[in-house]
1. Is it the case that segment 53-71 has a residue that's aliphatic (A, V, I, L, M), farther than 30 Å from Asp365 by Cβ and either out of contact with any Cys (no Cβ under 9 Å at 6 or more places or on another chain) or modelled with pLDDT under 95 (or both)?
2. Mind listing just one residue for me: the one in segment 165-182 that is crowded, with 22+ Cβ neighbours inside 10 Å and part of a helix (DSSP H, G or I) and, of those, nearest to the ligand (Cβ to nearest atom)?
3. With the condition kept exactly as written, say whether any residue in segment 280-291 is surrounded by fewer than 20 Cβ atoms within 10 Å (Cβ to Cβ), part of a loop (DSSP other than H, G, I, E, B) and at pLDDT below 95.
4. For segment 279-308: of the residues being of a type in the set (A, V, I, L, M, F, W, C) and away from the ligand (no atom under 15 Å from the Cβ), which is farthest from Asp170 (Cα to Cα)?
5. Where residues in segment 10-52 are among the β-branched types (Val, Ile, Thr) and surrounded by 19 or more Cβ atoms within 10 Å (Cβ to Cβ), which of them is nearest to the ligand (Cβ to nearest atom)?
6. When the residues of segment 258-267 are filtered to those that are outside any strand (DSSP E or B) and open to solvent by 70 Å² or more (accessible area, probe 1.4 Å), which remaining residue is nearest to Arg185 (Cα to Cα)?
7. Out of all the residues in segment 119-134, is one or more under 27 Å from Gly368 (Cα atoms) and surrounded by 24 or more Cβ atoms within 10 Å (Cβ to Cβ)?
8. Based on what the data block shows, is Ala331 buried (at least 20 other Cβ atoms within 10 Å of the Cβ) and more than 16 Å from the ligand (Cβ to nearest atom)?
Amino acid sequence: MTGRFPFVDRPRLWGTALSHYQVEGGDVCDWTEWERAGKTRGEPCGDAVDSWRRYESDADLARAAGANAFRFSVSWSRVEPREGELDEAALARYRALAEHLRRIDLEPCVTLLHYTHPLWFHERTPWTSPASVDRFGRFAARVAEAFQGLVRFWVPLNEPFVFLLGGFLDGQIPPGLSDTRVLRRVFDHLLAAHAAAANAIRERIPEAAVGVAHNMMAFAPERPKKFLDSLLVNIADRCYNRAIVEAFATGRWDFLIPPATRIRGRRDDLPKSLDVFGVNFYSRLHLRCPGVTRFIGDFNYRDASGYGLTDNGWEVVPEAFPALLDEAAAAGFPLVITENGLADEHDRLRPMFLERHAAALARDDVHGYFHWSLLDNYEWLDGYDPKFGLYAVDRNTMARTARPSVETFRRLGASFLR
Ligand code: FCB
């Protein structure tokens with residue numbers, strides 16, 4: 001049984017998604033340090049695409065593309081640049097954006113943690129310490145106060161599992177640890193932080209709906225006849241996709257991060273802390289075990305479905321989307337696609353990509369779709385090379401130009417919202 005979608009007056013959302021650091025510019029946080037330390041491949045974020053000053057006109061572009069919803073995130077480092085000290089001007093800036101969204105009738109969807117942290121955070125209250133939970137809950141409370149009467153749809157955490165793996169196992173993103181001993185604790189604290197934020201938000205905004213944006217990945221055996229490749233697919237699916245689904249469905253989790261880290265825990269208030277389950281879906285990985293380059297297995301993108309790879313080499317595989325939605329639906333919450341999109345500068349694949357993914361939305365339990373992204377933006381480790389925008393951005397002039405797929409997005413939106 002699927003739970004009811006909370007917004008009776010707006011049963012379906014069609015929107016675009018972006019995150020603060022990727023578009024705003026001039027935000028000083030752990031990622032800025034990461035760039036300075038030379039740990040990213042692309043250009044540093046710098047001015048990004050200047051949305052801090054252009055948010056309202058960017059929102060107008062989403063409206064012009066037929067959206068009725070707008071997903072963005074609040075920068076913790078702007079709001080709380082020093083521990084315990086709030087920057088009221090930053091909060092007022094975000095409030096002005098939310099007011100504008102209401103004015104042009106876009107439902108705001110607010111993410112509170114989209115990868116970046118204030119500079120003090122990893123030093124003073126890192127995710128390995130229980131204090132992290134309290135700090136995040138306090139941040140959520142302040143933002144909820146600022147957005148009272150304006151924002152109903154809240155996503156405390158973007159891709160907690162990706163953050164766990166990237167930040168604490170691979171060490172590719174801040175805080176850059178590579179330590180299997182902390183994984184269990186960090187996972188626990190992230191889920192506790194989600195629950196603390198949900199409480200803080202609901203206390204201040206009774207009509208709030210709380211979600212999570214969970215990255216789900218399709219997996220396939222690189223050599224379908226090899227037992228070990230298929231075994232690895234099962235392990236990857238269970239850990240990467242299903243662990244979070246189960247955690248929110250049951251309040252319990254027990255899974256293996258290969259090769260041998262067992263993550264087990266329990267949090268009885270977790271199922272009640274969620275109203276909507278958000279899925280971020282992009283692509284599929286082909287797994288090979290044992291790997292040539294990695295002990296447990298290699299993972300690669302390849303064009304098995306024949307649509308052609310995206311500009312950053314990801315497989316386009318809309319056929320894999322329905323099964324992942326089924327996996328997500330198993331938690332029993334109404335679904336929203338919180339991200340889906342591709343890097344495609346010349347719009348070779350985007351119209352088709354949109355069409356085929358939208359086809360998977362024709363089911364009763366899907367209540368929203370947010371395309372990643374509204375604009376070309378800063379793509380983390382890869383800098384500005386991948387172009388994910390419905391609108392292209394010229395970073396010399398900061399001019400925004402609609403790609404042809406804006407029309408596809410508008411047409412599909414009109415039929416989804418009908
Ligand atoms: C997602 C991230 C988002 C963006 C897209 C391409 O995993 O949430 O910030 O980088 O990938």
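The values are calculated or read from the model by the stated rules, or taken from the named source; none is laboratory data. What you see is a predicted model, and the numbers here were worked out from it, not measured in a lab. When we count neighbours, we look across all protein chains shown, and the Cβ atoms used for this are built from the backbone with ideal geometry, even at glycine. In case anyone asks, the SASA skips ligands and DNA or RNA and just uses the protein heavy atoms, side chains included. Shrake-Rupley method; radii C 1.70, N 1.55, O 1.52, S 1.80 Å.
1. Within segment 53-71, none of the residues are aliphatic (A, V, I, L, M), farther than 30 Å from Asp365 by Cβ and either out of contact with any Cys (no Cβ under 9 Å at 6 or more places or on another chain) or modelled with pLDDT under 95 (or both).
2. Gly167
3. For segment 280-291, residues surrounded by fewer than 20 Cβ atoms within 10 Å (Cβ to Cβ), part of a loop (DSSP other than H, G, I, E, B) and at pLDDT below 95: present.
4. The selected residue is Ala304.
5. The selected residue is Val23.
6. Ala260
7. So far as segment 119-134 goes, no, none of its residues is under 27 Å from Gly368 (Cα atoms) and surrounded by 24 or more Cβ atoms within 10 Å (Cβ to Cβ).
8. Spelling it out, Ala331 is indeed buried (at least 20 other Cβ atoms within 10 Å of the Cβ) and more than 16 Å from the ligand (Cβ to nearest atom).
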